[in-house]
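A.B. asks: Shown below is the structure under consideration.
Rule-based calculations on the coordinates, nothing more; no lab input. Values in this document were obtained by computation on a predicted structure and should not be read as measured data. Cβ sites come from the backbone with ideal geometry, for glycine too, and all protein chains shown count toward neighbours.
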Amino acid sequence: MRSRGHLLLPWLVPMAMLLCLLGLNRHPGALRWVLPDAQTRACDESGAVWEASALPRFSRADCQLLRVQSTQRTASWGEGAILIGGLVRDARVHVNGEMLRDFGSDSVSAANRAVLVRVPARLLAAGRTEILVHLRSGAGEYSYIGTLMFGPAQYLAPIAERSWWIGARGALVGLAVTFAIALFLVPITYTRRDESVYRWFLLTLASSSIYVFNFASAWKPLTLSVWAIAIHAALALSLWSLLKFFNRFLGRDDPRGERRIGGLIGAAVALLLIDGLDLVPPMLGWICNGIFRAGMLLTLLYLAALCWRARHRATIPAPTWFAGALLLVATLGVVDSLHVFGVFGGILFSYTLHWGMLYLLLLLFAALVFRILHALGAAERGRGELAVALAERGEELEAEFRLRREAEQARMIAEERHRIMRDMHDGVGGQLVALIGQAQSPGFGGAALQQQLRVTLDDLRLMIDSLDEACADLSVALGMFRRRLEPALAHLPILVHWQTAHLPDLPPAAPTVVLNVLRIVQEAITNALKHARSPTLDISAQWENGRLSIAVIDQGAGFVLDEGHGRGMASMRERARSIGAVLELTSSGVGTTVRLHVAL
Amino acid sequence: METRVGRSGPGVRVLIVEDEQHTRARLSDIIAAADGFALLDAVGTLAAARQAMARALPDVVLLDLGLPDGSGVDLIHHLRLHRLPCEVLVISVMGDERSVLGAIEAGAGGYLLKDSSDQEVIAAIEQLREGGAPLSPAIAVHLMRRLQAPRQVAPSEVAVQLSDREIELLKFIAKGLSYEEVGRAMGLRYNTVASYAKELYRKLQVHSRSEAVFEATQLGLVPGGRL
């Protein structure tokens, strides 16, 4: 990303232009016309149009001074150097203070065409030749002083002229593009309010556009003096918004610096107004104007330094570009000012600062686009990295989950094993021990033994059923229980009604819940069979609101709850409590009801 | 007990394969005493059972699964492999799905609890002979789960799956209804219910076989995926 090309690129154009300027400044071959202030004004008032060579040409037909031909061979340079045309009544041409020719009023106006003025070689000074052209027409009298120089200027002048033309058209295109960019950026500015960099870019764009427009088009929407104030104030505004832009773009937070530069720019604009509104004598006005220009140049240098210092912190090489471009603009600003003050006069025209500002604008835009592209690339990369990281994390989680699941399974198996052992110990084991004890007692017959053994076997079957996956559904477990019990009940003189088949499929219950429910129901049935002497036994179940209610109802003798049945009841209650179920017992002379409520 | 029409010999010829001496003796007594039944032999090992069957093929085998020289399931496999017209009732201590379902899948026609009363033993054999089979609620649930579970098999094997009628029946059985009660609820005769149960057993056998074929095909053991 940070190749040398990136560092070099933004400097190439400024360096080339600087070299060009240095090479042409005061070059002996450079050609220019210097017009005194008063004469310039006179031309303006008569509707003169300033062309690229800074030679005035009258738009009106009454007075016309055509450009100096620069395609002449050096040897005959002086000859045919000046062409005078139009309805000029009188024209006098002086070369180096010597009258060259005095046209009679008839000779020029009657022709109404260009007249060739030959400058003999003897009149041309070796270094600098001054030509004074004095024209008199119906509208008034005008004097023009020109300086002729010899050398490569005759070849460079057309190039400079063409580049001026291209530059002006380019600036127009550039302005059109900047407005397109502005349209493109407005929604961003709106939607990303927290990123004020776009807002400041827009302000820079708008204010610079006014300044550049002055260069791109000859059309002046206001009177000259007001327009001059407007465009220079726009320049000041664009520099201030540039400072804001750079600070946001580079992520700098420097309100103090912004206030200082803002103050400097404000003061410069005040001086600009003093000069532009002619509030002070001309000399003082020029000084004010000079200070304004110096303020602008200092701001440009400050911005360049700011960018240069920030170049290490940026992710893209834009600050380096900015620093180079700002230095170039400052240089062009110096050239522009020297031009305005008449100190400098190369082959290059004025308006160089306008060019620089346009260049800077395009660079800002390029940097923004580059930044957006860079951000997009970073986002793409980030997404890829995120996906990889996510996949890794997913695998980790999966592995962790597997481990946990295995651990949980192991724990559950251990618990289940423990439960089964306890059940066997308490249930079958206890019953067998009791049997051994009973078997040793005299009078314990085969029938009693068989009965006890059957109880033990039934309990073992309950345990095994409770471990069956199918019996996790208590409705199936009850069905199974019924099928186990029915053959034995069939032989007893009691009518047993089962009302459990209508139950829906129930949510799965833990084996311990199933076993305890079945044992409680079994205990209730056993008690009824043993003690109630009831003609009927109703075993029913209801499923309501996530709760299974099982009822064992006989119509037997009943019993007093506190007497006799303590042990069996206590064990039923204990079983119900251990699985979070509720056991209700009601008994009277007309029967006993045992109800068990289990939440599933 | 009436003698069956169209059958030669003394009645239903029963072979008992049970290694536990007392059970074997008790079952032998029950069969011997029952009208219309003839005890072919009562043996305690697989080898002896094979020998006995080589001598004379029984109509019904009462088969214990845990034998000293192997599993009773092997004998069922042997019978089914040779397509011998012989029904098997597995003698189970608990009647739990683990032992019973495995035997049914192999081809047993039903199961008998070891502590069944005399009448229950005779009733179970008769039910089997009449084309019925015993179904407990838990086994009904397992049948539903096995046969309803979506499997990735060829469409031709979907035929093994349960019909709506069979599912209804299994649901009744699962809630503990007897065959009589199921018959009343579904408007069927007892024998029809029992034959449904037998058909379900057959489906489970086919299912387990097709599942084995499917798995073998998946493993690349059977080229073409058909036996």
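A.B. asks: Just the number: Rg to Rh for segment B:12-129, Cα atoms, Kirkwood Rh, two decimals.
C.D. replies: Details: Rg = 12.5 Å, Rh = 13.7 Å.
Taking Rh as the inverse mean 1/r over Cα pairs, Rg/Rh reads 0.91.
A.B. asks: Now a separate question. Just to be sure I understand: of the beta bridges DSSP finds with both ends in segment A:450-600, what percent are antiparallel, rounded to 5?
C.D. replies: Expressed as a percentage, antiparallel bridges in segment A:450-600 total about 80.
A.B. asks: Cα centroid distance between segment A:202-253 and segment A:393-453, in Å?
C.D. replies: 91
A.B. asks: Based only on other Cβ atoms within 10 Å, what is the fewest-to-most ordering of B:120, A:396? Walk me through the intermediate numbers first.
C.D. replies: Values: B:120 15, A:396 10.
Exposure proxy ranking, most exposed first: A:396, B:120.
A.B. asks: Quick check: Cα centre of segment A:566-600 to Cα centre of segment A:463-520, how many Å?
C.D. replies: 17
A.B. asks: Run the dipole for segment A:417-532 about the Cα centre, Lys and Arg Cβ at +1, Asp and Glu Cβ at -1, nothing else charged, and hand back the magnitude in debye, nearest 20.
C.D. replies: Details: 10 positive and 11 negative charges, 53 e Å.
Dipole magnitude for segment A:417-532 comes out near 260 debye.
A.B. asks: Quick check on segment B:12-129: of the DSSP beta bridges with both residues there, what percent are antiparallel, nearest 5%?
C.D. replies: Around 10 percent of the beta bridges assigned by DSSP in segment B:12-129 are antiparallel ones.
A.B. asks: Neighbour counts of other C-beta atoms within 10 Å: give me B:179, B:190, A:351 arranged from fewest to most.
C.D. replies: Sorted ascending by nearby Cβ count, the order is B:190, A:351, B:179.
A.B. asks: Could you tell me which of rounded, prolate or oblate describes segment A:470-599, using a ≥ b ≥ c as the square roots of the eigenvalues of the alpha-carbon gyration tensor, with rounded for a/c under 1.5 and, failing that, prolate when a/b is larger than b/c and oblate otherwise?
C.D. replies: Numbers: a/c = 1.83, a/b = 1.29, b/c = 1.41.
Oblate.
A.B. asks: Let me ask something additional. Any idea what the dipole of segment A:488-565 comes to, in debye rounded to 20, about its Cα centre with Lys/Arg Cβ at +1 and Asp/Glu Cβ at -1?
C.D. replies: Roughly 160 debye for segment A:488-565.
A.B. asks: Quick one: divide the alpha-carbon radius of gyration of segment A:434-476 by 2.2 N^0.38 Å and tell me what you get.
C.D. replies: 1.63
A.B. asks: Now for a separate question. Please give the peptides A:593-599, A:330-336 ranked by average Cβ packing (other Cβ atoms within 10 Å per residue), highest first, as a rough proxy for protection.
C.D. replies: Going by the mean number of other Cβ atoms within 10 Å, highest first, we get A:330-336, A:593-599.
A.B. asks: Continuing with the same structure: Let me confirm one metric for peptide B:129-138, namely the mean number of other chain beta-carbon atoms within 10 Å of its residues' beta-carbons.
C.D. replies: Neighbouring Cβ atoms belonging to other protein chains average 4 per residue here.
A.B. asks: In peptide A:468-479, what is the residue-averaged number of other protein chain Cβ atoms found within 10 Å of each Cβ? Don't jump to the answer; show the numbers that get you there.
C.D. replies: Working: counts 10, 5, 12, 5, 1, 5, 0, 6, 10, 3, 3, 11.
The per-residue average across the peptide is 6.
A.B. asks: Please give the Cα centre distance for segment A:526-551 versus segment A:348-381, rounded to the nearest Å.
C.D. replies: Spelled out, the Cα-based centre of one part sits 89 Å from the other.
A.B. asks: Please arrange A:526, A:320, A:352 by how many other C-beta atoms lie within 10 Å of their C-beta, fewest to most.
C.D. replies: The order, fewest Cβ neighbours first, is A:526, A:320, A:352.
A.B. asks: Exactly which trypsin sites (Lys or Arg not before Pro) in segment A:278-311 are in a DSSP loop and have at most 11 other Cβ atoms within 10 Å?
C.D. replies: none
A.B. asks: If you don't mind, there's one more thing I want to ask. Under the rule a/c < 1.5 gives rounded, and otherwise a/b versus b/c splits prolate from oblate, where does segment A:468-547 land using the Cα gyration tensor? Before the final figure, lay out the partial values.
C.D. replies: On the way: a/c = 2.01, a/b = 1.82, b/c = 1.11.
Note, shape of segment A:468-547 comes out prolate.
A.B. asks: At a Förster radius of 22 Å, what calculated FRET efficiency corresponds to the Cβ-Cβ distance of residue B:117 and residue B:191, to the nearest 0.05?
C.D. replies: The computed FRET efficiency comes out at 0.45.
A.B. asks: Answer with one residue from B:92, B:57, B:76: the one whose Cα lies farthest towards the positive end of the charge dipole of segment B:55-109, charges on Cβ with Lys, Arg +1 and Asp, Glu -1.
C.D. replies: Checked the options; the winner is B:57.
A.B. asks: Okay, next question. Segment B:34-141: which trypsin sites (Lys or Arg not before Pro) are DSSP loop and have at most 15 other beta-carbon atoms within 10 angstrom? Mind showing how you got there, number by number?
C.D. replies: Details: sites: B:50, B:55, B:80, B:83, B:98, B:114, B:129; in loops: B:83, B:114.
In loop regions of segment B:34-141 (DSSP not H, G, I, E or B), the sparsely surrounded trypsin sites (Lys or Arg not before Pro) are B:83.
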